[in-house]
Structure formats: structure tokens, C-alpha cells
1. Determine whether Leu260 is in contact with a strand residue (DSSP E or B) (Cβ under 8 Å, 6 or more places away or on another chain) and assigned to a helix (DSSP H, G or I).
2. Which pairs have Cβ atoms under 7 Å, sit 6 or more apart or on different chains, and link a residue in the range 266-280 that is free of Cβ contacts under 8 Å to residues at least 12 places away in the same chain to one that is polar (S, T, N, Q) and open to solvent by less than 10 Å² (accessible area, probe 1.4 Å)?
3. Among the candidates Lys88, Lys81, which residue alone is part of a helix (DSSP H, G or I), within 16 Å of the ligand (Cβ to nearest atom), open to solvent by 50 Å² or more (accessible area, probe 1.4 Å) and in contact with a Pro (Cβ under 6 Å, 6 or more places away or on another chain)?
4. From the list Ala268, Ala309, Ala262, Ala293, pick out the single residue that is modelled with pLDDT of 90 or more and under 30 Å from Ser39 (Cβ atoms).
5. Which of the residues that make up the range 1-10 are in contact with a Leu (Cβ under 8 Å, 6 or more places away or on another chain) and either over 13 Å from Leu58 (Cβ atoms) or open to solvent by 10 Å² or more (accessible area, probe 1.4 Å) (or both)?
6. Find the residue count for the range 40-75, including only residues that are open to solvent by 50 Å² or more (accessible area, probe 1.4 Å) and near the ligand (Cβ under 9 Å from one of its atoms).
7. Can you tell which of Ser170, Ser182, Ser143, Ser137 is at pLDDT 95 or above, away from the ligand (no atom under 14 Å from the Cβ) and open to solvent by less than 10 Å² (accessible area, probe 1.4 Å)?
8. For the range 212-239, give me each residue that is among the small types (Gly, Ala, Ser) and assigned to a helix (DSSP H, G or I).
Amino acid sequence: MRIFVTGATGFIGSAVVKELINARHSVIGLARSDAGAKSLVAAGAEVLQGDLKDLESLRSGAASSDGVIHTAFVHDFSKFKENCEIDKRAIEALGGALAGSDRPLLVTSGLALLASGRVATEEDGPVPVSTSYPRASEVTAMSLLATSGVHASVVRLPQVHDRLKQGLVSYLINIARQKGVSAFVGDGRNRWAAVHVLDAACLYRLALEKGTAGAKYHAVAEEGVPLREIAAAIGRGLKMPTVSVSADERAGKHFGVLGLFAGLDLVASSALTQKWLGWRPTQTGLMDDLAHARDFEPENTKSNEGRYAASK
Ligand SMILES: NC(=O)c1ccc[n+]([C@@H]2O[C@H](COP(=O)([O-])OP(=O)(O)OC[C@H]3O[C@@H](n4cnc5c(N)ncnc54)[C@H](OP(=O)(O)O)[C@@H]3O)[C@@H](O)[C@H]2O)c1
């Protein structure tokens, strides 16, 4: 298949591109910079220069493909609502170009607020858009299926990790650096599910190749790792104390915009996904990658500003 991948230069998207090419698919990757375009060519992909806000570029990529994987997102949490709007319009443009065909649209979402006080499953419906959770990726994909018959499905991601990046945990590491302590909320028993980036990439491929319209796939290898353990690993890595902060302190003072997630239980199962797609995660776990995280290497313990950008 010829697959259009948005976010093809990102952490997850670049792993998806490699996975697809290794499986003999051809890839058109969206790039918004010369450096991004160069990395895609090096990976063996075609390049489409464009931007999430340039809807014509998205339509053209989708129109020339046999299917779309959407992983691009503007990760500036200080403008989360605005960026969720950009994401929504992008998904609508991609879906519009696929309507009237059975070409798949695979959209990326997360696990936040799916299930309160229990393990989320693939049967849980999308989280409605609200002021506290404006991300509309999943709702938009499902609405494209309902209203225009687009073959849309969703990959829900937990914390996606390797030794370079670990999802929101990487943001916690930065906060710990700034504050001089590594923190968790309350007793730290809330848990975050996790998956290695290579296992996640494999799931995107399987979902594209044999997925069902309307399905919500969980790229979950570990159902939930306690925040207390994650914070302790960060404390060890940065050689600083690990402390508990109260739920009140959490939002504003310590975690800033990450306060939305820090105390949440983001636990999920992938039993149905594994059954439906035959997906089996095989890579290292979050705590293992965190123990060997590049963030904790001596040259990186002072500041990591610009390092993620440089690593792309
Ligand atoms: N990483 C996780 O643990 C995790 C967990 C849950 C959900 N997710 C979701 O998974 C998806 C991929 O995440 P990621 O970790 O791979 O993110 P990432 O490394 O930040 O990559 C984001 C991608 O989006 C592209 N992008 C950003 N702004 C753009 C714009 N205006 N126009 C076109 N492209 C733009 C970036 O392009 P450049 O390379 O040019 O910057 C990059 O390719 C996102 O939807 C994210 O919210 C991730």
C-alpha cells in the first residue's frame, strides 16, 4: 500500500515510517522543514511538503494514497485547546479526501479520562470534548465514519518510550530538573500505561493492514506503572530527592500545565487489540528504558534544551 503519514518526522511517526517501509509499503511523509524532508528521504519515503494548517497539503497527500496514518500534533501544551482545534480540522480534511472509498484513516488518540477508577478497554467510547479535555481526535474520526462513511479507526496511545523519550515522563523529568525534586501526587499509586515505540509502530501497521472501521486499538504493553515508581526512577536518575505533592499543589505550583495528567490513573488493557490484530508487544518496558534514559547521562543532566530538536 501507498500510505500518507502525517507526523512522519516525529518520535512515533518516524518509527511508523520505518515499520511500513520494512513491510514493503511505500510511504509519503508530511514534512514542514527541509531537515524533516531530508530525514524522510533518508528513511526511504517520498516527501510531501506541508503543514497541519495547510489543509490543501493534507487533502493532496490523502488523495494520492491508499490510506492515511495521522500522528502529527502541535505539542505546545500552553496552547492545548488551539492545537486540538488544528488537529480536528486536519482530521476532517484527511477524512474528506478519503470519503466515498474504503481507504483507511488511522487517527492517534490517548487514554486520558477514558475510564474512571478502572482499566479502560477498547469498548470504551471516545471521551467527549470539553473545556478540561479539548482533544477531539477520536470524536472527529468517529464522526467522519458516522456521517461520511470514512473507514476511520483510532490508535490510543499510552506513554510511548525508548531510551531517548518516554512520553509525558520526559516532561516530568524536565519539571524535576527545574524544581530540584522529583514529585508524584498524593500516595503516587495512580498508574500510567506504557508501550515501547517499536511495538506501537508495529500496531499502527497491523491496524492499517487489517483494521476494522470504527475500532479503537490500544497500543498498551504495560497496563499501568505506578507514578511513585516513575518519580523514584527520575529521582535516582537526576540524583535528587523524590517527594509527594498534594493534589492542590499539583496543578499550579509543581507541575504547571502537566497538572492535568500528573494525578490521573491512565490505565488500559490491550487484550482485545491483541486478539483482533494478533499484535504482541515484545520490546523493553518503561522502567527499563527509564533506568537507561539518555536524560540521565552525565552530559544531559544539566539541561536538555534543544536536544530533542537536535535528535530529529
Ligand atoms: N509520545 C507519547 O508518549 C504519546 C502519548 C499519547 C499520545 N501521543 C500522540 O501521538 C502522536 C505523535 O506523538 P509524538 O510523540 O510522535 O510527537 P512528536 O515527536 O512531537 O512529533 C510530532 C509530529 O507532528 C509534526 N508537527 C507538529 N506541528 C506540525 C505542523 N504545524 N504541521 C505539520 N506537522 C507538524 C512534527 O513535525 P516536525 O518534526 O517538523 O516538528 C512531528 O512530525 C501525537 O498525536 C501525540 O499527541 C503521544
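The values are calculated or read from the model by the stated rules, or taken from the named source; none is laboratory data. Note that the structure is a prediction, hence the values are computed from the model and not measured. Glycine also receives a Cβ, built like all others from the backbone with ideal geometry; neighbour counts cover every protein chain displayed. Areas reflect the complete protein model, heavy atoms only, side chains present, ligands, DNA and RNA absent. Shrake-Rupley method; radii C 1.70, N 1.55, O 1.52, S 1.80 Å.
1. No.
2. Qualifying pairs under 7 Å: none.
3. Lys81
4. Values: Ala268 fails: under 30 Å from Ser39 (Cβ atoms); Ala309 fails: modelled with pLDDT of 90 or more; Ala262 fails: under 30 Å from Ser39 (Cβ atoms).
So the residue among Ala268, Ala309, Ala262, Ala293 that is modelled with pLDDT of 90 or more and under 30 Å from Ser39 (Cβ atoms) is Ala293.
5. Restricting attention to the range 1-10, the residues satisfying the condition of being in contact with a Leu (Cβ under 8 Å, 6 or more places away or on another chain) are 1, 3-9.
If the condition is that a residue be in contact with a Leu (Cβ under 8 Å, 6 or more places away or on another chain) and either over 13 Å from Leu58 (Cβ atoms) or open to solvent by 10 Å² or more (accessible area, probe 1.4 Å) (or both), then Met1, Ile3, Gly7, Thr9 are the ones that fit.
6. Adding up the residues that qualify gives 5.
7. Only one candidate qualifies: Ser182.
8. Going residue by residue through the range 212-239, those that are among the small types (Gly, Ala, Ser) are 213-215, 219, 221, 224, 231-233, 235, 237.
Ala231, Ala232, Ala233, Gly235, Gly237, listed by residue number.
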